[in-house]
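Notes follow once the structure below has been shown.
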Amino acid sequence: MSNSHLPPLSSNGVFSVSASSTINAPPEKVWAILLDFALYNEWQAIHEPRDQVVTDSSKQRLQSQTPAEGQYLYIYPVHLPPTMERPGLFGESSAFVKITTLDHENFRVAWNTAGLPKFILNTERWQVLSYDSITKQTTYETIEVFGGLLAYFVNWFVRPKIVLGFQAMAEGLKRRAEQP
């Protein structure tokens, strides 16, 4: 991406997926929506409720659901591709990640795969907001870099569904943030 506000890609990635949207809302509003995991079901394009829960390293839900660096996030179910219908065979999975960056001042959040050795699967996802004071628009950008042995299989068999999921996330965030 040119003129991107995202960190550089990791050099050992097998592939990456990205999406973006331009949102007619201030970054503070978009950021609050992005980090309010409990309300994702209100604007995500999925059939069944999805939990995006802040946990400890053993996936035990924390009393405070306010995300912080060093905490974990358990996301389930993940429908690939995103759908308002029941997902087909192998269309539902989960993600367990560790929050590595939570930068409220610069509107950046990142996480890495947790629970697997890095040589098997390693992912790094960034979500970043930037604001154009002239147009009064916020740009949402997200990228995830996939590495490790399983990344080759994910690339071959699941990548198109992940792309659709990222696009749906960007579009859903835009719709929600632009509501009065």
Nonlocal amide H pairs with residue 137, under 5 Å, H built at 1.01 Å | 132
Which of the lysines could be linked to residue 118 by a straight reach, that is with a Cα gap under 17 Å, when you skip same-chain ones fewer than 8 residues away?
-> 98
A correct Karplus calculation of ³J(HN,Hα) over the stretch 123-136, with 6.51 cos²θ - 1.76 cosθ + 1.60, θ = phi - 60°, whole Hz and x for Gly and Pro, returns 10, 9, 10, 10, 10, 9, 10, 9, 10, 9, 5, 6, 7, 6
Once amide hydrogens are built 1.01 Å from N within the peptide plane, the residues lying 5 or more places from residue 71 or on another chain with amide H under 5 Å from its amide H are 99
Highest first, please rank the peptides 14-20, 104-110 by the mean number of other Cβ atoms sitting within 10 Å of their residues.
-> 14-20, 104-110
Put a dot 7 Å past each Cα toward the Cβ at residue 24 and residue 51; how far apart are the dots in nm?
-> 3.8
Once label points are set 7 Å from the Cα along Cα→Cβ at both residue 62 and residue 157, what is their separation, rounded to one decimal in nm?
-> 3.3
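No lab work stands behind these numbers, since they all come straight from the coordinates. Keep in mind the model is a prediction, meaning the values are calculated, not measured. We place every Cβ from the backbone using ideal geometry, glycine too, and count neighbours over all the protein chains shown.
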